[in-house]
Each structure stands twice: as structure tokens, then as C-alpha cells.
1. Give the dimensionless ratio obtained when the Cα radius of gyration of the chain is divided by 2.2 N^0.38 Å.
2. How do the peptides 246-256, 159-169, 31-41 rank, highest first, by the average count of neighbouring beta carbon atoms within 10 Å per residue?
3. Could you tell me how many degrees, from 0 to 90 and to the nearest 10, lie between the Cα long axis of helix 115-125 and the main elongation axis, the longest principal axis, of the Cα atoms of the chain?
4. Which order, highest average first, do 127-133, 230-236 follow once you tally other Cβ atoms within 10 Å for each residue and take the mean per peptide?
5. Show me the ranking of peptides 280-288, 208-216, 194-202 by mean Cβ neighbours inside 10 Å, starting with the highest.
6. Can you give the accessible area per residue of the stretch 94-142, in Å², using a 1.4 Å probe?
7. Within the chain, what whole-number % of the accessible surface is contributed by carbon and sulfur, with the 1.4 Å probe and all protein chains included in the calculation?
8. Can you give the accessible area per residue of the stretch 216-265, in Å², using a 1.4 Å probe?
Amino acid sequence: MVALTRLVARPLIVPAIRKRRPALAALTPYLLLAPSALFLLTFTYWPVIQVIRSSLTVRGFRGAAHWGLENYSRLFGDAHFTTAVVNTLIYAAGTIIPGLVLALLFALALTETTRLTATLRTVVALPMLIPLVAAASLFAFIFLPNAGLLDHYLAVFGVAETNWLGDPSLALGSIIAITVWKNCGYYMLFFLAGLTAIPRDLLDAAKIDGAGPVQRFFRITLPLLGPTLAFVLVIATLNAMTQIDHVIVLTQGGPSDATSMILFYIYQQAQQNFDIGRASAATVVSVGVLFALSVVSLRSLERGIHYET
């Protein structure tokens, strides 16, 4: 009787176990992704939701709050925000264009691997290892009026002392120069990787057909560098929008808002003026514009690029 019971029960237990295993296997990917999803939700999406919520929350003098777009209307009506936007556009153009051009030129000049080029690569890429705050402190001594290194060597050529950070017409240019020096080597590394991936046979075939260096660059090298250029352009745009450590250390947005940029404006509104609504509205606007520019730049630069398999 016991043996008969075992024979009857065994077919009932085995199918139950087999049914549990597929269900567990289907849940395994979600269980593995759960910690990452939790951190992403906690530290990325939830702060974004809170910023959007704060930008739409209007608080009165007595603490009463209601929903509305007053923070955005106050933001676009603020002359300081307009100045920050204009400065950011000038800063972005002044850092992205020269930075990418210099990085590409350095990459083309240092493509061949020798002892000399390896040393020069290290020298060019060295500034990227220096924190931006430390670089700002270094340039504070270089730009020091009358006693700085720059004025010292310019005096040899008869150039009078210049207040590089105190003159509204020169302060933003000085900040741009620091950024180009800091990021040029970083962008060069991406271009070196992109140049290495270009098939050498294409360049050799073009050279045999009589194409000169300029023709080979514009007909072969530059088109095949399209994905790399698109990626570096997005990175450079992000850096132009987010790097303000040197502004805080050197100028505090001055003189006369000459170096005030969007991120510094957000910092100023949130930390100094305690206007969280306006700071949140400026954050939403800047992130939205940055996201749109990133999408447009990637699609426009990668459009029409084809690869042979």
C-alpha cells in the first residue's frame, strides 16, 4: 500500500517542480536588474521629478503654494538669466570649436606611435588629469595682474599689464582659454581611437590614386570620423554646460555678470537667493535644451554615414 502511494504521488510532485522552474527563470532577469533599477529610480528619476515639481510650484510670502508657470515667467523676464544664456552660448562656441579643432590636429599629428609621439601625447593629455578647481587656482596665479606669469612674459615684448579676470571684456575669454587647455587632450584621445579604427587600406588606395593629404582627409578620414566627432561634440556640449568650477573659484560670475553662465545662475538662485522655484525652472529649461541639442547633433552627424561589411 505504501509503495502504491509513492507511485501515485511522484507524478504529481515532479510536474509541480517543473512548473516552478520556468516561472523562476522568467523572473531571474528582473531580480538581477532590480538593484540597478532601484538606484536609478532613487538617484536619477526621482530627483528629476522633484525638480520638475519644484519648477511648477509657486510659493507665496506666507508659505502658501499653488501650481503654475510663474517661475518660468519670472525666469524669462530676468535680465540676469538672459545674460547667462548669452554668455553660455559664447562660452560654448569659444570652447567647443577651438577645442575640437586643436584636438583633431593633435590627433592627426600624433597618430603614428613612436617614443616622441607617446611623450607628446602624455604632455597634451596631462591637463585632463588636473581637477578643474586646481587648474583654476593655477591660472589665478598666471592671470594675476602685474605679478602673474602671463603679464611677466608679456612685459618682455612691451605689453602693458592687463587685468585678465577683472576686465569685463577679457574675463570670459580667459575662462574659455582655461577650458580649452583643460579639455583639448581629453578630446584628442577619442580622435586617436577613431583614427586607429580607420582602415589603412583605404588611405593607401587613395594615395596610390593620386589623392593628396587634404583630399584624403576630407574624402576619407573626416567622413569615417563622423561617429567619433558626434560623440565628442556631445561630450564637449555637456562640458560647456556643466563645468563652472573655475568660474566659482576665479570670478564668481563677475565682473558685472561677464562670466555668469546658466549653471552658475542656477547655483546663485538656489544657494544665494534661496529661490528654489526659479532655479528649478532654469534647470528644466537648460536640461531640455541640452537634450535636444544632443539628439540633433547625433542624428545630423551620423546621417549619411555608411560602413562596408
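1. Relative to the 2.2 N^0.38 Å estimate, the chain comes out at 1.46.
2. 246-256, 159-169, 31-41
3. Compared with the principal axis, the helix lies near 90 degrees.
4. Peptide ranking by packing, descending: 230-236, 127-133.
5. The densest-packed peptide leads the list: 280-288, 194-202, 208-216.
6. Value for the stretch 94-142: 58 Å² per residue.
7. Working: 13600 of 19580 Å².
The C+S portion of the solvent-accessible surface of the chain is 69 percent.
8. Numbers: 1870 Å² over 50 residues.
Per-residue value: 37 Å².
The values are calculated or read from the model by the stated rules, or taken from the named source; none is laboratory data. Remember, it's a predicted structure, so these values are computed and weren't measured experimentally. No Cβ is skipped: glycine too gets one built from the backbone with ideal geometry, and neighbour counts run over all protein chains shown. Side chains included, ligands, DNA and RNA excluded: accessible areas come from the protein's heavy atoms. Shrake-Rupley method; radii C 1.70, N 1.55, O 1.52, S 1.80 Å.
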